[in-house]
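The values are calculated or read from the model by the stated rules, or taken from the named source; none is laboratory data. Note that the structure is predicted; figures quoted are calculated from it, not measured. Cβ placement follows ideal geometry from the backbone for every residue including glycine, while neighbour counts extend to all protein chains displayed. Note: accessible area is taken over every heavy atom of the protein model, side chains too, but ligands, DNA and RNA are not part of it. Shrake-Rupley method; radii C 1.70, N 1.55, O 1.52, S 1.80 Å.
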Amino acid sequence: MTANKTLLLLPGDGIGPEVMAQARRVLDWVQSSGRASFQIFEDHAGGAAIDAYGVPVTDATVAKAKEVDAVLFGSVGGPKWDSVPFEIRPEAGLLRLRSELQVFANLRPAKVFDALVESSSLKPELVRGLDIMIVRECIGGIYFGEPRGIETLPDGSQRGINTEVYTTHEIQRVGRVAFELARKRQNRVCSVEKANVMESGLLWRQVMTALQAAEFPDVALSHMYADNCAMQLAKNPRQFDVIVTGNLFGDILSDLAAMLTGSLGLLPSATLGARDANGRLPGFYEPIHGSAPDIAGQAKANPMAQILSLALLLRYSFDMEEDAAAIEAAVERVLAKAGRTPDIAAPGRAVITTAEMGDALIAELAAIK
Ligand code: IPM
Ligand code: MG
């Protein structure tokens, strides 16, 4: 039996708790196999934390998140909290967690499952086999840059300010993650910025070029402006292997890439920090989809992205490759033969609930245990 591992679950808002409940069943499956035992903590985040504690994440929750071996996050936000002050909106809880945990590399795979090739908004021949990894810098750039705020000008009008800022160190550390991932894939990195307009983009391009020459000469590096990258993703997405980019461009391009797969409900993400002197790797795992308040509480949510996020957690934070791969394979088998939640409904396939999707997955897992 592997040593006891600690985990913090933060289901959050909307469909978060519903899909997290299914991920918990998968954790139970792993534990029942005897390969690991988990000590599981659970707390509120986002709107649920505003309701419970008055803030979108408490200091105690942040402290717990730093103490545990890994955090599995659901999703935050919803119309209920539209009128809370900007500083304590639900999303601020997520941003504070990422920042305090220093998880700077957000890995967002966009992979087309064979069984779902028809669900894409693009033609099947453009997306079959698509497998892109977007590495999004996650705790810097315009999301966190100073100065920021809204100020009042002498004439009484106002000015909103945010600052895009990246340092050599911030670019290098996320760049290394991208190059290392590429080595395990097709060995190609496309670095994305707006070096034609922004100095921060120019520095980004220079630092990535120097990093590749110094440390990753075996990996092919190309550069692309962010607007062109959006166009290329819609035109010929399979040209990409690993894309590395800053926080804001990564936010936008990863939604675009996710939509190409036709299955937002299937895409997980991992956000990783730097390994410390004791070998600990800060890891934060969340589905790409949001809290989907329009379908919350209706048993319609697809739990697979949350479950695949758990698989990434097992892989990256706990080194449990076999279990991670088993879960991923079981998800593919469910997609190929079982009913489906409405988001990926297909003609001739039963439409099933969140929990039924969980049942189908657990049945697959039980068969291989
Ligand atoms: C994402 C989300 C978040 C972001 C929001 C909820 C703060 O859009 O994870 O992509 O912008 O990072
Ligand atoms: Mg986003």
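Quick notes on this structure:
- The magnitude of the dipole of segment 42-139, with charges of +1 and -1 set on the Cβ of Lys/Arg and Asp/Glu and taken from the Cα centre, is near 240 debye.
- Under the Karplus curve 6.51 cos²θ - 1.76 cosθ + 1.60, θ = phi - 60°, whole-Hz ³J(HN,Hα) for segment 271-287, x wherever Gly or Pro sits: 10, 10, x, 9, 5, 8, 4, 8, x, 7, 10, x, x, 10, 10, 8, x
- Centroid-to-centroid, using Cα positions, segment 347-369 and segment 1-62 are 22 Å apart.
- Across segment 347-360, computed HN-Hα scalar couplings (Karplus, 6.51 cos²θ - 1.76 cosθ + 1.60, θ = phi - 60°) run x, x, 10, 5, 8, 10, 8, 3, 5, 5, 5, x, 4, 4 Hz from first to last residue, x flagging Gly and Pro.
- Only helices enter this figure: runs of n ≥ 4 DSSP H residues, each worth -39500 (n - 2.57), summed and divided by the residues of the chain, yield -13000 deg cm²/dmol at 222 nm to the nearest 500.
- Taking the Cα centre of the chain as origin and assigning +1 to Lys and Arg Cβ atoms and -1 to Asp and Glu Cβ atoms, the resulting dipole is close to 780 debye.
- For segment 109-264, a simple Cβ point-charge model (Lys and Arg +1, Asp and Glu -1, everything else neutral) yields a dipole of about 460 debye relative to the Cα centre.
- Of all DSSP bridge pairs formed entirely within segment 109-264, close to 35 percent run antiparallel.
- Fraction of antiparallel bridges per DSSP, the chain only, in percent to nearest 5: 40 percent
- Under 5 Å, built H, 5+ apart or other chain: amide partners of C190: S222, D241, V242, I243, V244
- Within-15-Å neighbourhood charge of A350 [Cβ basis; K, R +1; D, E -1]: +1
- For segment 52-64, the Karplus equation 6.51 cos²θ - 1.76 cosθ + 1.60, evaluated at θ = phi - 60°, returns couplings of 7, 10, x, 9, x, 7, 8, 4, 5, 5, 4, 4, 5 Hz by residue, with Gly and Pro reported as x.
- The count of lysine pairs in segment 109-264 whose Cα atoms are under 17 Å apart, excluding pairs fewer than 8 places apart on the same chain, comes to 4.
- Among the protein heavy atoms of the chain, carbon and sulfur supply 54% of the accessible surface, probe 1.4 Å, non-protein parts ignored.
- Ranking A325, S263, L312 by Cα position along the charge dipole of the chain, where only Lys, Arg, Asp and Glu carry charges on their C-beta atoms, puts A325 farthest toward the positive end.
- Net charge over other residues, Cβ less than 11 angstrom from the Cβ of V84 (K, R count +1; D, E count -1): -2
- The distance linking segment 187-218 with segment 219-274 is 16 Å (Cα centroid to Cα centroid, whole angstrom).
- Entry comment: accessible area of the chain is 42 Å² per residue, from protein heavy atoms only and a probe of 1.4 Å.
- For a straight C-alpha distance cut-off of 20 angstrom, the aspartates and glutamates reachable from K337 (same-chain residues fewer than eight places away being disregarded) are D114, E118, E328, E356, D359, E364.
- Distances between placed amide hydrogens fall under 5 Å for S291 paired with V76, all partners being 5 or more residues away or on another chain.
- Whole-number percent relative contact order across the chain, with pairs defined as alpha carbons under 8 Å at least 6 apart: 21 percent
- Accessible surface of I139 - all protein chains present, 1.4 Å probe, nearest 10 Å²: 20 Å²
- Annotation: amide H of K5 within the under-5 Å range of S37, F38, Q39, sequence separation 5 or more or interchain, hydrogens built in the peptide plane.
- Considering only V197, V71, V165, the Gaussian network model of the chain with Cα springs below 10 Å gives its largest mean-square fluctuation to V197.
- Remark: accessible surface ordering of K184, K300 (largest first) is K184, K300, probe radius 1.4 Å.
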